[in-house]
Amino acid sequence: MMMFFKKIIMAAFGIAFFAISSLPCVFAQQSVNVSLPTFKITMNDVVINNNERLYPIIVYRDITYVPMTYNDSRFLGLETRWTSDSGLQVNKTSVQLSYNPDRGYFNSNLESAVLPEFRIRVNGKDIDNKNETYPLLVFRDVTYFPLTWRYMVNEFGWTSSFDSNNGLIINSRAGGTVSTTGTIGGKVFSQDFGSITVVFDRSSNQQPGNLYIRENNSTRKIGNPNYVYGVDYRQSGTYGEYTPVDKVEYANRWVYTVAVDPYSSPITSRNVRINIDTNEVQAVDGSTTSDAGQISNQVYSRQFGNITVMLDRYSNRQPGNLYVKEYNVTRKIGNPNYIYGVSYTNRGGFETYSPVDKLSLSGRWVYTMAVDPYASPLTSRNVRINIDTNEVQVVDDSTISDAGQISNQVYSKQFGSITVMLDRYSNRQPGNLYVKEYNVTRNIGNPNYIYGVSYTNVGGFEIYRPVDKLSLSGRWVYTVAIDPSVSPLASKNVRVNIDTNEVQFIN
């Protein structure tokens, strides 16, 4: 997904899906102790009264598990099916039901949960439950799924946040009725980007003016009212077909998606961006939407194992032209305003953008060159782009090394098979916390926080100092961190879960 910062602070949670169908009576003998969460829980703007639920939300190994009856699963945009032959299947859907409180039970002392033995598949993928760090559980004859990063974000595309005041907040992206305004039809697809939610009216695939945004509890239509948004158009003989496309991104007051102008000739799908303040619609490439990753034919690419990195060379001044293809899915990454794989020169007032075939991959970072067209003066910079968070970091002008996929200014400590690292490229470097495990180095925690630094303000002078504080307990890294978005700025003692990326303040 294309964002400057991915604002997902994973709490210790998990999803629990349960099929309301009869489950087999034979389970693994292993039982585990579970408990009720002590924090507030809000799902899709509904505060959950957990103490009175027949199937309460539970916690196992510091991960929250949420139960899924027929109503609960569809409330979160999921569908569960169970048969004795195929076991449990959980799939993301576009249907969302209203919340069913499921009251009538007082939860005090909870019985143990057990590990199921039946086959489990999520979005068509088999789950090796016995070897999962956070396995599925069966509690009160209902299957519970862990809400880890893998399931909640990668499989279902949900967002979440956690803090001591608001507790755990989960928002699914399933389509549903927008009840706050009544201006949108009953079939919608929506995606949440923090303070902005983008909504497509799917009452018809040929519905013009079907793009909305929800901001500050108000929903309004944006863009050209004649265009059909979030659809792909294909012509076959004399017949044209409109197909829904769940493609939407948001950055800097612009919504990025595909659109069709029904009055153009020939009719075609275009990649566009829409300004949510002015309703201006701009085409962002000159090609039609194709099956090959929705990018133009002028592509320079390199393959690195199961990941292909691509530069769209439709124009040397084409912003947002960096893509990755992984598991047969092609998606745009990085800052949508930057131009990737180009060098910039200005000689005597003549600007030149030249293609640079420079692509490498280390861990989950793509290394290339980029130009920020809004910077002054314009210049080409060596950058790296995280393919999971879309974070873009400027690296030094020297050759990019393979030493841990991060800069050479590293403070690290080893704890058995796990190495924890602080990137000291700058004392104001956000998202600078890494772990290396099984020879794989990855970024953890909130990508907006600055880790391993202290902050002071003396007479108006801000001072960021490195703090060599790292420890590991279980799956939690302990250090200090600064959230640059809060006021006043302050260093806080934190712990970061290396599996879920949850950050908890502990002082």
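The values are calculated or read from the model by the stated rules, or taken from the named source; none is laboratory data. Because the structure is a prediction, the values reported are computed rather than measured. No Cβ is skipped: glycine too gets one built from the backbone with ideal geometry, and neighbour counts run over all protein chains shown.
Count of the range 434-452 residues, restricted to those that are over 21 Å from residue 415 (Cα atoms) and not in a loop (DSSP other than H, G, I, E, B), is 1. The residue list 321, 328 contains one member that is in the same structural domain as residue 381 (by TED's automatic domain parsing) and surrounded by fewer than 13 Cβ atoms within 10 Å (Cβ to Cβ), which is 328.
Residue-by-condition table, conditions (1) charged (D, E, K, R); (2) at pLDDT below 90:
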position	(1), (2)
457	no, yes
460	no, yes
471	no, no
475	yes, no
486	no, yes
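Residues of the range 309-339 that are of a type in the set (Phe, Trp, Tyr) and closer than 13 Å to residue 370 by Cβ: 338 alone.
Which strands (runs of 3 or more DSSP E) sit wholly inside the range 210-255 and have at least 1 residues that are within 22 Å of residue 280 (Cβ to Cβ) and modelled with pLDDT of 80 or more?
211-215, 218-221, 231-236, 249-251
Quick check, is residue 142 buried (at least 17 other Cβ atoms within 10 Å of the Cβ), out of contact with any Phe, Trp or Tyr (no Cβ under 9 Å at 6 or more places or on another chain) and hydrophobic (A, V, I, L, M, F, W, C)? So residue 142 fails the test. Selection of the range 259-275 for residues being surrounded by 15 or more Cβ atoms within 10 Å (Cβ to Cβ) and either hydroxyl-bearing (Ser, Thr, Tyr) or free of Cβ contacts under 8 Å to residues at least 12 places away in the same chain (or both) yields 268, 269.
Determine which member of the set 469, 436 is surrounded by 15 or more Cβ atoms within 10 Å (Cβ to Cβ), free of Cβ contacts under 8 Å to residues at least 24 places away in the same chain and not hydroxyl-bearing (Ser, Thr, Tyr). Reasoning before the result, please.
Details: 436 fails: free of Cβ contacts under 8 Å to residues at least 24 places away in the same chain.
Selected residue: 469, the only one of 469, 436 that is surrounded by 15 or more Cβ atoms within 10 Å (Cβ to Cβ), free of Cβ contacts under 8 Å to residues at least 24 places away in the same chain and not hydroxyl-bearing (Ser, Thr, Tyr).
Scanning the range 453-488 for residues that are more than 17 Å from residue 430 (Cα to Cα) and either outside the structural domain of residue 414 (by TED's automatic domain parsing) or part of a loop (DSSP other than H, G, I, E, B) (or both) gives 459, 460, 474, 475, 488. Does the range 26-70 hold any residues that are under 17 Å from residue 115 (Cα atoms) and exposed (fewer than 15 other Cβ atoms within 10 Å of the Cβ), and which are they? Residues satisfying the conditions are 26, 28, 29, 30, 31, 32, 33, 35.
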